[in-house]
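Comments concern the structure below.
The values are calculated or read from the model by the stated rules, or taken from the named source; none is laboratory data. Because the structure is a prediction, the values reported are computed rather than measured. No Cβ is skipped: glycine too gets one built from the backbone with ideal geometry, and neighbour counts run over all protein chains shown.
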Amino acid sequence: MSSRRTFVAGAGGMLISHLAASKAMSANDKLRVAVIGLNGRGKDHVQGVMSQPDAEVTCLCDVDLVVANKRAEDFEKKYGKKPKVVQDLRRVFDDKEIDAVTIATPNHWHSLAAIWACQAGKDVYVEKPGSHNIFEGRKLVEAAHKYNRIVQHGVQLRSSEAVQEAVQHLRKGTIGNVYMSRGLVFRWRPSIGKKGTEPVPEGLDYNMWTGPAQMEPFSRRIVHYNWHWTWNYGNGDVGNQGIHETDLCMWGLGVETLPAKITAMGGKFLFDDDKITPEVLTTLYHYPDQKKLIQFEVRPWCTNAEDGASVGNIFYGSEGYLVVNDYDSYQIYFGRKKEKGPGRRAGGDHFANWIKAIRSRKTSDQNGPVESAHLASGLAHLGNISYRLGRVLSFNAATEKFVNDKEADTYLTRNYRKGFEVPAKV
């Protein structure tokens, strides 16, 4: 990993003289940003960028023009400016007046949109998960390096001052030898019911919405939010909310590769509905050479929290354990009596960190570098593959292939629709 860091920092350094000559990137100009995907998390992207003193949203893009026009109307009322409205994200990448993009599309679009943005010379903030499968996550890393782009992964807990402090405690041995991390995603996920097919609503470019995925008849079981619960577009809750926690599991343990052994078990136990991904999922990721273990659990309904955390992480050491609760707090407990140790609550600004790195052209300034987009997402993908195959898997982190398992290897990528392929050579 050290050689990769050197390469990335070097690539950023090579860009400084080139970008300093650009009027758009001058210290006296605001960075011009397009937000792609506005129905959910994209609304937060707009606010996150507009809160930065040296950046502004100038373009709103969504395949659903009803959504895009409503967001543009709200934007004009709040900020007194009228943004461009675009339906086809390719027109965003063609626009020379746009310096950077944020991507809040469904998961199946994340990597391809980010790769196209890199190829077009745009810096990128991409929502979690950074990929829909392991192959395209690696291609995203390659594209960021090749085109010298700042690609920030939307794992905003990395910009939390409290979480940064918690990781420092893990590094310096406050709880002793840290051998295991546990990720928790206990979110209230009710039934989505059963919904048949229907005509595509007016204003929605469903072909573009489908993009790299295989085409299915339009249904409310997919658009706009419930795509999370079907493999064609989403990755279940371990690949939704869970990426924040898979990322912190790896970061806190100090592991910088994917694991060697993976097993998972779960299923649908509560609802007879249109969800395909498991409601309940438990996964284990083993790093035998490093003597580290990651546990991950998804629960969708009535459940207990664990030392206050229902969405968060727990790290186990020889002298105690550390709990990270959601995005902005941690607490340490020592010994058999669980005596309270250090703890803190403090947030951070992940968009400000992204803008800082764009200005400096230093990937070392990033809290959520592109490698986190691949590795944190990849961990979730591996757990899902083990669940879908119903068996323990052995994985070669160096080649990013399964060990003598051609069936499992087929899950590392997907069949892309013509015109929306993630290229093998970026």
Within the range 180-195, can you find the residues that are among the hydroxyl-bearing types (Ser, Thr, Tyr) and either surrounded by 16 or more Cβ atoms within 10 Å (Cβ to Cβ) or within 20 Å of the chain's Cα centre (by Cα) (or both)? Ser181
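Okay, residues lined up against (1) assigned to a helix (DSSP H, G or I); (2) farther than 21 Å from Val67 by Cβ:
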position: Asn207; (1), (2): yes, no
position: Ala213; (1), (2): no, no
position: Glu216; (1), (2): no, no
position: Ile222; (1), (2): no, no
position: Trp227; (1), (2): yes, no
position: Trp231; (1), (2): no, yes
position: Val238; (1), (2): yes, yes
position: His244; (1), (2): yes, yes
Just give me the residues in the range 178-193 being closer than 30 Å to Lys292 by Cβ and of a type in the set (S, T, N, Q), in sequence order. Ser181
Selected residue (criterion: surrounded by the most Cβ atoms within 10 Å (Cβ to Cβ)) from residues of the range 70-82 that are over 26 Å from the mean Cα position of the chain (by Cα) and of a type outside the set (D, E, K, R): Tyr79
Return only the number of the condition from (1) surrounded by fewer than 24 Cβ atoms within 10 Å (Cβ to Cβ); (2) touching a residue at least 24 places away in the same chain (Cβ under 8 Å); (3) more than 28 Å from Ala398 (Cβ to Cβ) that Trp229 does not satisfy. (1)
One residue is enough: does the range 194-216 have a residue meeting the conditions more than 29 Å from Tyr125 (Cα to Cα) and polar (S, T, N, Q)? yes
Do we find a residue being among the aliphatic types (A, V, I, L, M), in a strand (DSSP E or B) and either assigned by TED's automatic domain parsing to the domain that holds Gly239 or closer than 30 Å to Tyr333 by Cβ (or both) anywhere in the range 160-175? no
Among Leu38, Leu15, Leu60, Leu19, which is at pLDDT below 95, among the hydrophobic types (A, V, I, L, M, F, W, C) and within 26 Å of the chain's Cα centre (by Cα)? Leu15
Test Asp99 against the criterion of being of a type outside the set (A, V, I, L, M), touching a Leu at 6+ places or on another chain (Cβ under 8 Å) and buried (at least 24 other Cβ atoms within 10 Å of the Cβ), and give yes or no. no
Qualifying residues in the range 188-245 (those that are among the β-branched types (Val, Ile, Thr) and in contact with a Ser or Thr (Cβ under 8 Å, 6 or more places away or on another chain)) - the one nearest to Asp328 (Cα to Cα): Ile243
For Val403, all conditions in the list (1) outside the structural domain of Glu142 (by TED's automatic domain parsing); (2) surrounded by 17 or more Cβ atoms within 10 Å (Cβ to Cβ) hold save one; what is the number of the exception? (2)
Is the range 59-66 home to any residue that is part of a loop (DSSP other than H, G, I, E, B) and at positive phi? no
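Restricted to the range 41-58, and to residues that are among the small types (Gly, Ala, Ser) and in a helix (DSSP H, G or I), which residue is farthest from Arg91 (Cα to Cα)? Break it down into steps so the answer makes sense when it comes.
Pass one, the range 41-58, residues among the small types (Gly, Ala, Ser): 42, 48, 51, 55.
Next cut, in a helix (DSSP H, G or I) only: 42, 48.
Details: Gly42: 18, Gly48: 23 Å.
For the range 41-58, the residue satisfying everything is Gly48.
Among the residues of the range 172-188, count how many are out of contact with any strand residue (DSSP E or B) (no Cβ under 9 Å at 6 or more places or on another chain) and either under 17 Å from Gly312 (Cα atoms) or aliphatic (A, V, I, L, M) (or both).
1
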Using beta carbons and a limit of 8 Å, which pairs, at least six apart or on different chains, have the first residue in the range 68-91 and at pLDDT 95 or above and the second one surrounded by fewer than 15 Cβ atoms within 10 Å (Cβ to Cβ) and in a strand (DSSP E or B)? none
Across the range 74-114, the tally of residues that are closer than 26 Å to Pro212 by Cβ and outside any loop (DSSP other than H, G, I, E, B) stands at 21
Residues that are on the phi < 0 side of the Ramachandran plot, in a loop (DSSP other than H, G, I, E, B) and surrounded by fewer than 17 Cβ atoms within 10 Å (Cβ to Cβ), drawn from the range 406-419: Thr413, Asn415, Arg417, Lys418
Verdict on Pro129 being surrounded by 24 or more Cβ atoms within 10 Å (Cβ to Cβ), touching a helix residue (DSSP H, G or I) at 6+ places or on another chain (Cβ under 8 Å), modelled with pLDDT of 95 or more and not aliphatic (A, V, I, L, M): yes
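Can we say Tyr125 is touching a His at 6+ places or on another chain (Cβ under 9 Å), among the aromatic types (Phe, Trp, Tyr) and in the same structural domain as Asp29 (by TED's automatic domain parsing)?
Details: touching a His at 6+ places or on another chain (Cβ under 9 Å): yes; among the aromatic types (Phe, Trp, Tyr): yes; in the same structural domain as Asp29 (by TED's automatic domain parsing): yes.
For Tyr125, the condition - touching a His at 6+ places or on another chain (Cβ under 9 Å), among the aromatic types (Phe, Trp, Tyr) and in the same structural domain as Asp29 (by TED's automatic domain parsing) - is met.
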Limited to the range 262-303, what total is found for residues that are within 17 Å of Tyr387 (Cα to Cα), part of a loop (DSSP other than H, G, I, E, B) and among the basic types (Lys, Arg)? 2
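Residue by residue, here is whether (1) more than 15 Å from Leu170 (Cβ to Cβ); (2) in contact with a helix residue (DSSP H, G or I) (Cβ under 8 Å, 6 or more places away or on another chain); (3) surrounded by 13 or more Cβ atoms within 10 Å (Cβ to Cβ) holds:
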| residue | (1), (2), (3) |
| --- | --- |
| Phe296 | yes, yes, yes |
| Trp301 | yes, no, yes |
| Asn304 | yes, no, no |
| Tyr330 | no, yes, yes |
| Arg344 | no, yes, yes |
Among residues belonging to the range 196-223 that are loosely packed, with under 14 Cβ neighbours inside 10 Å and touching a residue at least 24 places away in the same chain (Cβ under 8 Å), point out the one that is nearest to the chain's Cα centre (by Cα). Gln214
